[in-house]
Amino acid sequence: ETYTSMLSIHQALATERELLQGLHTYLEEETRRLSDLRRFFTKIQTLHQELGTSVANPLSAYTLIKRLQSDWLNVVYSTEANNNLRALKVAYQRLEEDLPAYEDLEGAARAVMRLEDVYALSVKELAKGRFRRSTNAHLPDVYSPGHDFSLSADDCFHIGKVAYDMEDYYHSIPWLEEAVTLFRVSYGNWNTEDEGSLEDALDHLAFSYFKAGNISQALSLSQEFLHYDPSNKRVARNIQKYEKLLTAHPGRGNRAPVLQRPNVTHLETRDVYEALCQTLDSQSTGSHQPGLHCSYETHGDPFLLLQPLKREMLHRQPDLALYHHFVSDGEAEKIKALAAPWLQRSVVASGEKQQKVDYRISKSAWLKDTLDPVLVALDRRIAALTGLNIHPPFAEYLQVVNYGLGGHYEPHFDHATSRKSPLYRMKSGNRIATLMIYLSSVEAGGSTAFIHANISVPAVKNAALFWWNLHRNGRGNEDTLHAGCPVLAGDKWVANKWFHEYGQEFRRPCGVHPED
Ligand SMILES: O=C(O)CCC(=O)C(=O)O
Ligand SMILES: [Fe+2]
């Protein structure tokens, strides 16, 4: 699960550093071995030439015999090369269990495709390392990496192959197109590290086009394949099949494929969600509402008198309040450090169970306040902000979340929408309110999008966002549907504090209007 949190990706970087060290040692040893071999060659060559045709000198004759009996044997049967290779493999094997598995590569490839979709990025540009929109190419890049970067033919091939294996031809076609284009350029220069080849890419691309209904593309790519590998019977048969189809249905083959993005059933709100995610720096996409202002708040709490909260109202109905500088840099770092050793793949409530799902990609940890005085102080401050009872089971422990590659949390409610939800296991009712603290900023992407409120909140480091999930009468407020947009670049950390209904009866009593 390397790709599911940025912390694991940092750990992967340390693993690669060790592999590099191992390969460096190997190269040094092998270079030394080869230069010694060259020395031997030059020495023997000189001695051999000096001898000419005469072996009158008994010493020369002696060394010739010795060389042939012993020196050559030692050189040819030297175990040094094997030893060097073995050391390289041992160093690799020692790290093997830390290496990403195939599911990680799959997850990472899917993350790239998710970024491509949600931020409407062009695959061609992505392959060149540029984050440019496919629709509005004149807009500035969505993100500009600090240094140049581009993907190799094999990098693109792998992404295409992951999509292909999922029968997702919508994504496999553009990625395999890139792979084919790049493999054509480098044809004949094989890289040891490459898994795919021009033939592989052509084969997968041809079949993707066939599945997408573009027979003539499938045909011409297969013909190109056969040019490189004329003895391949399977592809030859495919060509016959494609030709037959084209004669049977002339005109059908030229139809450009109109592929739909693979359906994600729980994303009925996809268009709004993606539009909100794409408003990378501005906030609400709708009109400005009255009642949005900034204020200092003490809530009559002596604890807040010396350092009032800095509240910015971002939205009304549902009310979204952003409290700036709610934690300090030091506190944010401490909280992340406390969570780091406990991070586990995040789960969501699904029916009666908790489950890992593709629509929430992150790792998270639960921190009990007794773990560290910083958490005690934080709870005290959260209680002052919300005026709510923070003692378990009336509130949950602090949940610290670190997003991964393309990490996101698709539109969801924080409260339970079914009586069977595991959220009720605490026997303190539903989640009445959320306080979410941004423990980091994000280089690009990663805003919090409120779908029905039509507002996206960029991660403001050290700020905390508060909202009520339930109406005063206990019914869920559907307008709180929200999401964590995919992280396009950077490392996103948040911490959630969820309050439950029980214990808050006198702190948030029922209103006059049932739907308050
Ligand atoms: O990361 C975000 O912006 C939202 C996170 C969220 O909604 C959650 O963890 O429940
Ligand atoms: Fe949430």
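The values are calculated or read from the model by the stated rules, or taken from the named source; none is laboratory data. Because the structure is a prediction, the values reported are computed rather than measured. As a convention, Cβ positions derive from the backbone with ideal geometry for all residues, glycine included, and neighbour counts pool all protein chains shown. Calculation scope for accessible area: heavy atoms of the full protein, side chains included, ligands and nucleic acids excluded. Shrake-Rupley method; radii C 1.70, N 1.55, O 1.52, S 1.80 Å.
Here is a list: Lys363, Lys356. Which entry is free of Cβ contacts under 8 Å to residues at least 12 places away in the same chain and in the same structural domain as Ala464 (by TED's automatic domain parsing)?
Working: Lys363 fails: free of Cβ contacts under 8 Å to residues at least 12 places away in the same chain.
Matching residue, one of Lys363, Lys356: Lys356.
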Handout entry: Candidates Leu375, Leu388, Leu405, filtered to the one that is in a helix (DSSP H, G or I) and either of a type outside the set (Ser, Thr, Tyr) or outside the structural domain of Gly107 (by TED's automatic domain parsing) (or both)
Key = Leu375
Handout entry: Selection from region 130-162 of residues that are hydrophobic (A, V, I, L, M, F, W, C) and part of a loop (DSSP other than H, G, I, E, B)
Key = Ala137, Leu139, Val142, Phe149, Leu151
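Out of Ala483, Ala416, Ala489, I need the residue that is closer than 23 Å to Ala340 by Cβ and of a type in the set (A, V, I, L, M, F, W, C). Which one?
Exactly one residue qualifies, and that residue is Ala489.
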Exercise for the section: Please find, within region 296-317, the residue that is nearest to Thr480 (Cα to Cα) out of those that are open to solvent by 70 Å² or more (accessible area, probe 1.4 Å) and in contact with a Gly (Cβ under 8 Å, 6 or more places away or on another chain). Expected result: Arg316
Practice task
State whether one or more residues within region 198-213 are more than 21 Å from His158 (Cβ to Cβ) and modelled with pLDDT under 95.
Solution key: yes
Practice task
Using the structure shown, decide if Leu259 is within 30 Å of Leu405 (Cα to Cα), modelled with pLDDT under 95, within 16 Å of ligand 2 (Cβ to nearest atom) and touching a helix residue (DSSP H, G or I) at 6+ places or on another chain (Cβ under 8 Å).
Solution key: no
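Can you tell me how many residues within region 354-412 are basic (Lys, Arg), crowded, with 19+ Cβ neighbours inside 10 Å and modelled with pLDDT of 95 or more? Show your work before the answer.
Restricting attention to region 354-412, the residues satisfying the condition of being basic (Lys, Arg) are 356, 360, 363, 368, 380-381.
Add one more test, that the residue is crowded, with 19+ Cβ neighbours inside 10 Å, and what stays is 360, 363, 381.
Keeping just the survivors that are modelled with pLDDT of 95 or more gives 363, 381.
Adding up the residues that qualify gives 2.
Suppose the filter is touching a residue at least 60 places away in the same chain (Cβ under 8 Å) and open to solvent by less than 70 Å² (accessible area, probe 1.4 Å); does Leu320 pass it?
Details: touching a residue at least 60 places away in the same chain (Cβ under 8 Å): yes; open to solvent by less than 70 Å² (accessible area, probe 1.4 Å): yes.
So Leu320 passes the test.
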Practice task
Search region 408-434 for residues being more than 12 Å from ligand 1 (Cβ to nearest atom) and in a strand (DSSP E or B), and hand back the single one that is farthest from His325 (Cα to Cα).
Solution key: Ile432
Exercise for the section: State whether the residues of region 384-395 include one that is hydroxyl-bearing (Ser, Thr, Tyr) and more than 30 Å from Pro140 (Cβ to Cβ). Expected result: yes
Exercise for the section: Tell me, yes or no, whether region 458-470 has at least one residue that is within 14 Å of ligand 2 (Cβ to nearest atom), part of a loop (DSSP other than H, G, I, E, B), farther than 22 Å from Ala383 by Cβ and open to solvent by 10 Å² or more (accessible area, probe 1.4 Å). Expected result: yes
Practice task
Would you be able to say whether some residue in region 142-152 is open to solvent by 70 Å² or more (accessible area, probe 1.4 Å) and farther than 27 Å from Gln278 by Cβ?
Solution key: no
Exercise for the section: Please find, within region 475-507, the residue that is nearest to ligand 1 (Cβ to nearest atom) out of those that are open to solvent by 30 Å² or more (accessible area, probe 1.4 Å) and part of a loop (DSSP other than H, G, I, E, B). Expected result: Asp491
Fill in the blank from the handout: Among the residues of region 435-457, the number that are open to solvent by less than 20 Å² (accessible area, probe 1.4 Å) and either outside any strand (DSSP E or B) or over 30 Å from Leu121 (Cα atoms) (or both) is 7
Practice task
List every residue pair whose Cβ atoms lie under 9 Å apart, where the two residues are 6 or more positions apart in sequence or sit on different chains, the first residue falls within region 52-69 and is in contact (Cβ under 8 Å) with a residue 24 or more places away in the chain, and the second residue, located anywhere, is aromatic (Phe, Trp, Tyr) and exposed (fewer than 10 other Cβ atoms within 10 Å of the Cβ).
Solution key: none
Fill in the blank from the handout: Inside region 339-349, the number of residues satisfying the requirement of being open to solvent by 30 Å² or more (accessible area, probe 1.4 Å) and in contact with a helix residue (DSSP H, G or I) (Cβ under 9 Å, 6 or more places away or on another chain) is 3
